[in-house]
1. Local charge sum around PHE69 (other residues, Cβ-Cβ under 15 Å, Lys/Arg +1, Asp/Glu -1)?
2. Accessible area per residue, 1.4 Å probe, Å², for region 1-130: what's the number?
3. So if I place +1 on the C-beta of Lys and Arg and -1 on the C-beta of Asp and Glu, and nothing else carries charge, what would the dipole magnitude of the chain be about its Cα centre? I want it in debye, nearest 20.
4. Once you've got the GNM for the chain with C-alpha springs shorter than 10 Å, pick whichever of LEU85, LEU106, LEU117 has the biggest mean-square fluctuation.
5. How high is the relative contact order of the chain? Use alpha-carbon pairs under 8 Å, at least six apart in sequence, and give a whole percent.
6. Calculate, for ILE33 and ARG131, the FRET efficiency according to 1/(1 + (r/R0)^6) with r their C-beta to C-beta distance and R0 41 Å; round to the nearest 0.05.
7. With Cβ to Cβ distances under 13 Å as the rule, what net charge do the other residues near TRP107 carry (K, R +1; D, E -1)?
8. Please compute the alpha carbon radius of gyration of the chain, then divide it by the globular-protein estimate 2.2 N^0.38 Å. Two decimals is fine.
Amino acid sequence: MGLLTRTRLIACAAALLTLAAGLGIRAVMTGDIAKYAGDALYTALVHVLVVLVAPRVKPTAAAVAALGFSCAVELFQLTGIPGELAVHSLAARLVLGSTFNAPDLLWYAVGAVLSALVHTAAQRSVVTAIRQG
């Protein structure tokens, strides 16, 4: 199995784990901890999706793309359009949110940094495994 295939398989597994973590946190916790953990995980999920689409992407580039997307979605909330869409669609509410919250931007950055660190470690592990076997 080649590097790109392994990278994509790991990205798929990471996406599922990230979704499970986000849903799990929301199921067992409430308040700021659940909300801000969800924000960080949102950006981590976007990072994983970037890797899935572009498996050769560098960890920092994927993190910057994920952070940029997350911040753009948050700023889009200032228009009121996501809030209106969220009333009519669960999918829109999950992807776009509903109301702007400035601290979310910080937690997106936390998610981007953490996902870049995990991506770097995973990338090293995959390369090492390929070289050994």
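The values are calculated or read from the model by the stated rules, or taken from the named source; none is laboratory data. The model shown is predicted, which means the values in this text are computed figures rather than measured ones. Glycine gets a Cβ as well: all are built from the backbone with ideal geometry, and neighbour counts include every protein chain shown. Please note that ligands, DNA and RNA were not included when accessible areas were found on the heavy atoms of the full protein model with its side chains. Shrake-Rupley method; radii C 1.70, N 1.55, O 1.52, S 1.80 Å.
1. Taking every other residue near PHE69 into account, the sum is -3.
2. Per-residue accessible area for region 1-130 comes out at 58 Å².
3. 680
4. LEU85
5. 28
6. Given R0 = 41 Å and the Cβ-Cβ separation, E is 0.50.
7. Around TRP107, the charge tally is -3.
8. The value comes to 1.12.
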